[in-house]
Amino acid sequence: MKTKIALVTGGGRGLGYEFCKQLAAQGTTVILTARNEERGLAAAQALQSAGHDIHFRRLDVGEEADIAALAADLKKDFDNIDLLINNAGINAKSSGAGESNFLRNFKLGDLDPEAVLDMMRINSLAPILMAKHLLPLLRKSRNPKVVNVSSWLGSISEKTNGGNYSYCGSKAALNMFSRALAFDLVREGVTTIAVNPGWVKTDMGGSRAKLTAEDSVKGLLAVIHKVKTPDAGKFFQWDGTEHPW
């Protein structure tokens, strides 16, 4: 049986690294991408030392030129991509340093349009551009899938308080983009879904979170492996249930 090939963005730490680790343990060839080259290389080497088939590529998902260059480079070494996991993202705390940066993403009175647009570019638009440029490789898979890692904070029906404009808005936009992408790509034989990993103990989720990255990714991969063409455009929880939009 032909080995499956997966590409994970933001694979240098947190959920992205756990995706790479668990996929590789299942026998998948993994292309680990990260914006920070030093961290990404270290992550890839750690998995390689455990005997896994890991390939590192530096990638800044916020730059379409980077995405296009990556796609062109991958065509030289890989015949296809079976699974694209768009995991890379930022929030009000991780997108910059200090309290002032947090407030200009979070609080109405301090809201900075450029900060909001930067988060939209990373969290909302980049996953769609990844699919755009990697579509030729996805088409060559027998059962290609695109997974966009969203958040429960992007659920409009679940939003019951103010603030957190940049992150919540960017994930809500990602949900709509994922829905549109799903209907475009299903005609190409590609199944696209959005997923909520839950509140996870990572640099982004913080130490108060109850769910480990290992358990979240284990659940998400079970969902990903089960989804079929009729599931295109759905929003799934890490436990397999559907999440409200």
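Looking at segment 147-172, I want the residues that are farther than 17 Å from residue 127 by Cα and have a partner that is hydroxyl-bearing (Ser, Thr, Tyr) and part of a helix (DSSP H, G or I) with Cβ atoms under 9 Å, at least 6 apart or on another chain. Which pairs are those?
Close Cβ pairs (under 9 Å, with a partner that is hydroxyl-bearing (Ser, Thr, Tyr) and part of a helix (DSSP H, G or I)) amount to 153/167.
Might you let me know whether segment 223-230 holds any residue that is exposed (fewer than 14 other Cβ atoms within 10 Å of the Cβ) and within 24 Å of residue 33 (Cα to Cα)?
yes
If residue 123 passes every condition in (1) part of a helix (DSSP H, G or I); (2) on the phi > 0 side of the Ramachandran plot but one, which one does it miss?
Residue 123 satisfies every listed condition except (2).
Quick one: how many residues across segment 25-57 are of a type in the set (D, E, K, R) and either in contact (Cβ under 8 Å) with a residue 40 or more places away in the chain or surrounded by 15 or more Cβ atoms within 10 Å (Cβ to Cβ) (or both)?
So in segment 25-57, the residues of a type in the set (D, E, K, R) come out as 35, 37-39, 53, 57.
Checking which are either in contact (Cβ under 8 Å) with a residue 40 or more places away in the chain or surrounded by 15 or more Cβ atoms within 10 Å (Cβ to Cβ) (or both) leaves us with 35, 53, 57.
Selection size over segment 25-57: 3.
Which of the residues belonging to segment 190-245 are aliphatic (A, V, I, L, M), under 18 Å from residue 6 (Cα atoms) and not in a loop (DSSP other than H, G, I, E, B)?
Listed by number, the residues that qualify are 193, 194, 195, 217, 220, 221, 222, 223, 224.
Filter segment 109-119 down to the residues that are aliphatic (A, V, I, L, M) and surrounded by fewer than 19 Cβ atoms within 10 Å (Cβ to Cβ), then identify the one that is farthest from residue 76 (Cα to Cα). Step through it out loud before you land on a result.
Restricting attention to segment 109-119, the residues satisfying the condition of being aliphatic (A, V, I, L, M) are 111, 115-117, 119.
Those left that are additionally surrounded by fewer than 19 Cβ atoms within 10 Å (Cβ to Cβ): 111, 116-117.
Working: 111: 44, 116: 36, 117: 34 Å.
By that ranking, first place goes to 111.
Considering (1) within 13 Å of residue 57 (Cα to Cα); (2) small (Gly, Ala, Ser); (3) touching a strand residue (DSSP E or B) at 6+ places or on another chain (Cβ under 9 Å), say which one residue 42 fails and leave the rest.
Failing condition for residue 42: (3).
Just checking, does segment 203-214 include any residue being surrounded by fewer than 22 Cβ atoms within 10 Å (Cβ to Cβ) and hydroxyl-bearing (Ser, Thr, Tyr)?
Within segment 203-214, one or more residues are surrounded by fewer than 22 Cβ atoms within 10 Å (Cβ to Cβ) and hydroxyl-bearing (Ser, Thr, Tyr).
Pairs under 8 Å by beta carbon, first residue over 21 Å from residue 199 (Cβ atoms) in segment 219-235, partner aromatic (Phe, Trp, Tyr), six or more apart or different chains?
These pairs meet every condition: 227/236; 232/183; 233/183.
From the list 16, 62, which one is touching a residue at least 60 places away in the same chain (Cβ under 8 Å) and crowded, with 24+ Cβ neighbours inside 10 Å?
On the way: 62 fails: crowded, with 24+ Cβ neighbours inside 10 Å.
Result: 16 is the single residue among 16, 62 that is touching a residue at least 60 places away in the same chain (Cβ under 8 Å) and crowded, with 24+ Cβ neighbours inside 10 Å.
May I ask you to say which residue of 141, 178, 166 is part of a loop (DSSP other than H, G, I, E, B), surrounded by 19 or more Cβ atoms within 10 Å (Cβ to Cβ) and at pLDDT 95 or above?
141
Considering only segment 29-118, give the helices (runs of 4 or more DSSP H) lying wholly within it that have at least 2 residues that are modelled with pLDDT of 95 or more and in contact with a helix residue (DSSP H, G or I) (Cβ under 7 Å, 6 or more places away or on another chain). Walk me through it before giving the result.
Values: elements: 37-49, 64-77, 98-106.
Filter on segment 29-118 gives 37-49, 64-77.
Considering segment 182-232 alone, what residues qualify as being at positive phi and over 19 Å from the mean Cα position of the chain (by Cα)?
Listed by number, the list holds a single entry, 189.
The values are calculated or read from the model by the stated rules, or taken from the named source; none is laboratory data. These numbers were taken from a predicted model, which means no experiment stands behind them. Don't worry about glycine lacking a Cβ; one is built from the backbone with ideal geometry, like all the others, and counts go over all protein chains shown.
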